[in-house]
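Please treat every number below as a calculation from the coordinates, not as lab data. Note that the structure is predicted; figures quoted are calculated from it, not measured. Here the Cβ positions follow ideal geometry from the backbone for every residue, glycine too, while neighbour counts run over all protein chains shown.
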Amino acid sequence: MGTYYKGSKEKRAALNSYIKLIRCAESLTARLHPVLYQVGLSEGQFGILDALYHIGSLSQKELGAKLLKSGGNITMVVDNLEKRELVKRERNEADRRYFTIHLTTKGKIIFEQTFPLVLKALVDEMKALTDDEQSALQRICKLLGKKS
C-alpha cells in the first residue's frame, strides 16, 4: 500500500519509497522473529551477541553506534543478556565511567547455535532476489544510510 498523500510527484515518490522500505524491513524482521524466539533472544539481543562475536569486546557506546541504538536501549538489552550470563560487563580501568562488554562462553555457545539458523532463514528470504538484485539493494541501502 502506498501513500494517500496528494502532494507533488516527487513527494509522493519519496513517501512511497519510505513506506515500502519500512514495510519490507518490518516484514522480514517478523519472519525472522520465530527463529530467534526458539532460543529466547530478541533482535536487539541477537545483534549485540553478533557484534561481540564477530568484532570482539566493545564498550556500550560502541555497541550503540554499531547497532544504531540509544544508550538507554543498549543498557537495557545488555542488562538482560547479563542476567542470562551471555555477556559480562566490565568497568573500563582507563575511564571508570565506561563499561566494556564481553561475550561469555555461554553467550558464545548460544550464538554459535543460533547464527546458522538465522543465516539460513536470511538466505531463504533473499532467494526472492537475484544476485544482481541483492547487490543493487545493498548499494541503495548504503547510499541512503550514509546520507545522514
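So here's what we get for this one:
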| read-out | value |
| --- | --- |
| Helix 105-126 vs. the chain, principal-axis angle (Cα, 0 to 90°, nearest 10) | 10 |
| All-pairs Cα distance distribution in the chain, expressed in whole percent, bin size 5 Å | 2, 8, 14, 17, 17, 14, 11, 8, 5, 3, 1, 0 |
| Tail weight of P(r) past 13 Å, computed on alpha-carbon pairs of segment 15-61, percent | 66 |
| Ascending count of other beta-carbon atoms within 10 Å, so fewest first, for 87, 39, 123 | 123, 39, 87 |
| Calculated FRET value between residue 12 and residue 59, using beta carbons and R₀ = 41 Å, to 0.05 | 0.45 |
| Global geometry of segment 76-148, whether rounded, prolate or oblate, following the gyration tensor of its Cα atoms and the 1.5 cut on a/c | oblate |
| Choice from 30, 94, 121 showing the highest fluctuation, given a GNM over the chain with Cα pairs closer than 10 Å | 94 |
| Candidates 130, 114, 100, ranked by Gaussian network fluctuation over the chain, Cα under 10 Å, top entry | 130 |
| Over segment 10-92: Kirkwood hydrodynamic radius from C-alpha pairwise inverse distances, Å | 14.5 |
| Acute angle (nearest 10 degrees) that the helix 71-83 long axis makes with the longest principal axis of the chain, alpha-carbon atoms | 50 |
| Filter on 108/146; 20/142; 66/146; 11/142; 6/142; 20/61 - keep pairs with C-alpha separation over 23 Å | 108/146; 6/142; 20/61 |
| Interchain or long-range residues, amide H under 5 Å from residue 84's placed H | none |
| Low-density loop positions, trypsin sites (Lys or Arg not before Pro), segment 10-102 - DSSP coil, at most 15 other Cβ in 10 Å | 84, 96, 97 |
